[in-house]
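Below: the structure, in structure tokens.
Values in this text are rule-based calculations from the coordinates and carry no lab data. Predicted model, so just to flag it, every value in this text is computed and none were measured. Here Cβ is always computed from backbone atoms with ideal geometry, including for glycine, and neighbour counts include all displayed protein chains.
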Amino acid sequence: MKLRQGGFIISKIHQLSGRIFSRKLKDYNINDINPAQGRILFALWQKDNIPIQELAKKTALGKSTLTRMLDKLEETGFLLRVFPNDDRRKILIQLTEENKKMKIAYEQVSVEMTKLYYKGFQDSEIDEFEKYLERIFNNLKEHEAE
């Protein structure tokens, strides 16, 4: 089999995009979170007040990694762990008002990054590319489950 570079290129894109994303966050005076924490917040902005297990699925983060990141985000006041009265074993993750104010700026940075990623692409090319990425992601998820 011919040596392929896809995984290596994806890794380089991930590193470079993280640096650019961090710089753009600073341009919007968002200094307290990194891109990985932003992935958690982004998922919560879509749906707040969810169990940790659901958040782990949405972010594709392992439970121990997610727990450490949630600890940090809770320390900085961006989210809360809430224990519902009906089930003390269940922990829900909830955004704080401070965090909700950041959403608009963060979404603007996301829009800028999307424009940067797809500069010069036709819509049909973007659709096809994202289907391929989804297939790669599903292949990796399937392998992890084995």
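Figures for the structure shown
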item	result
Degrees separating the helix 63-75 axis from the principal Cα axis of the chain, which is the longest one	60
Amide H contacts of L79 (H built 1.01 Å from N, under 5 Å, at least 5 apart or other chain)	E74, T96
Mean-position separation - Cα centroids, segment 42-78 and segment 1-32, in angstrom	21
Length-normalised contact order for segment 19-145 - Cα pairs under 8 Å, 6+ apart - percent	22
Span per principal axis, largest first, for the Cα atoms of the chain (Å)	56, 42, 25
In Hz, Karplus ³J(HN,Hα) per residue of segment 25-42 (6.51, -1.76, 1.60; θ = phi - 60°; x = Gly, Pro)	4, 5, 4, 9, 6, 9, 10, 8, 10, 9, x, 5, 5, x, 4, 5, 5, 4
The chain - mean residue ellipticity at 222 nm from DSSP helices (-39,500 (n - 2.57) per run, n ≥ 4, rounded to 500)	-22500 deg cm²/dmol
Segment T65-E98, extension gain: residue separation times 0.36 nm, minus the distance between their alpha carbons	9.5 nm
Order of I33, I10 under a 10 Å beta carbon neighbour criterion, fewest first	I10, I33
Neighbour-count order for L73, L116, fewest beta carbons within 10 angstrom listed first	L116, L73
M69, M1, M113, M102 arranged by Cβ crowding within 10 Å, fewest neighbours leading	M1, M113, M69, M102
Linear extension gain, E144 paired with R81, 0.36 nm per residue minus alpha-carbon span	19.9 nm
R0 of 22 Å, Cβ-Cβ distance K90-R39: FRET efficiency to nearest 0.05	0.45
